[in-house]
1. Which of L42, L20, L104 ends up with the largest GNM mean-square fluctuation for the chain, with Cα atoms connected below 10 Å?
2. If R0 is 45 Å, what FRET efficiency do you get for A92 and A39 from their C-beta distance, rounded to 0.05?
3. If you bin every alpha carbon distance in region 48-110 into 10 Å steps from zero, what whole percent lands in each bin?
4. At a Cα cut-off below 15 Å, give the aspartates and glutamates reachable from K187, other chains included and same-chain residues fewer than 8 away excluded.
5. Work out the P(r) tail for the chain: percent of alpha carbon pairs separated by more than 23 Å, whole number.
6. For region 91-182, what is one quarter of the convex hull surface built on the Cα atoms, given in nm²?
7. Between I12 and K187, take the C-beta separation as r, use R0 = 41 Å, and let me know the FRET efficiency to the nearest 0.05.
8. What do the square roots of 5 times the Cα gyration tensor eigenvalues come to for region 1-71, in whole Å, largest first, as semi-axes of the equivalent ellipsoid?
Amino acid sequence: SNPTDFEYFFRIRYKIRKVLLNTGYRLEYTIKDNYLKVADLLGGDFFVDKENFINDPNLADPDISNKNKIVKVGDIYGYHYAAKTLRNSVFANLEYRIANWDFLTGIKLAQRSDSRVGYFSNAIFTNSEGVSKTQLGFQYQYKLAAIYKLNGRNYFRGSFASESLAPNFEQQFINPAWRADVLPNIK
């Protein structure tokens with residue numbers, strides 16, 4: 001696997017008397033190139049790229065555009081696909097402090113999209129090559145907290161949080177090395 005990541009993040013902090021506002025934005029973009037690569041042939045010169053678990057020899061080529069592919073050291077074989085993920089998120093936290101009390105609240109909203117790009121076309125699954133349909137997901141998170149400061153050493157804290165996470169790439173695609181099918185009714 002060969003990942004390429006890009007991330008952009010900014011945060012703004014603003015304070016008015018006893019209130020602190022902390023807000024920001026985050027962009028994450030990842031392309032993870034997945035493949036099998038020959039590291040060593042253990043004394044051999046080459047091998048033919050065929051799948052052994054398939055009974056029909058007409059379907060045994062991982063890439064039908066390159067049947068009976070001769071594979072040498074450093075070559076990619078078996079499967080080759082990229083997992084693409086884009087995630088945008090915004091957040092805001094608010095803190096209010098008085099005497100012996102601190103009150104905190106926060107929210108986070110995020111949108112995620114995942115897609116698969118297949119570089120090999122196999123005979124078993126018609127959707128193995130090309131760009132898959134983009135899978136969209138929405139995430140949210142919110143939290144509340146109150147802190148009572150009895151003295152300089154003893155604090156009492158009460159917290160509540162709830163979070164919803166969109167499924168990641170590995171939880172959506174069924175056998176992404178060979179096909180672009182996704183699980184039905186993902187939530």
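Values in this text are rule-based calculations from the coordinates and carry no lab data. All of these numbers come straight from a predicted model, not from anything done at the bench. Backbone-built Cβ (ideal geometry, glycine too); neighbour counts: all protein chains shown.
1. L42
2. 0.40
3. 15, 24, 13, 9, 12, 12, 11, 4
4. Filter leaves D114, E163, E170.
5. On the way: 10568 of 17391 pairs.
That fraction is 61 percent.
6. Numbers: hull surface 32.5 nm².
Answer in nm², one decimal: 8.1.
7. Details: r = 33 Å, r/R0 = 0.80.
That pair, I12 with K187, gives E of 0.80.
8. Over the Cα atoms of region 1-71, the ellipsoid semi-axes are 54, 15, 9 Å.
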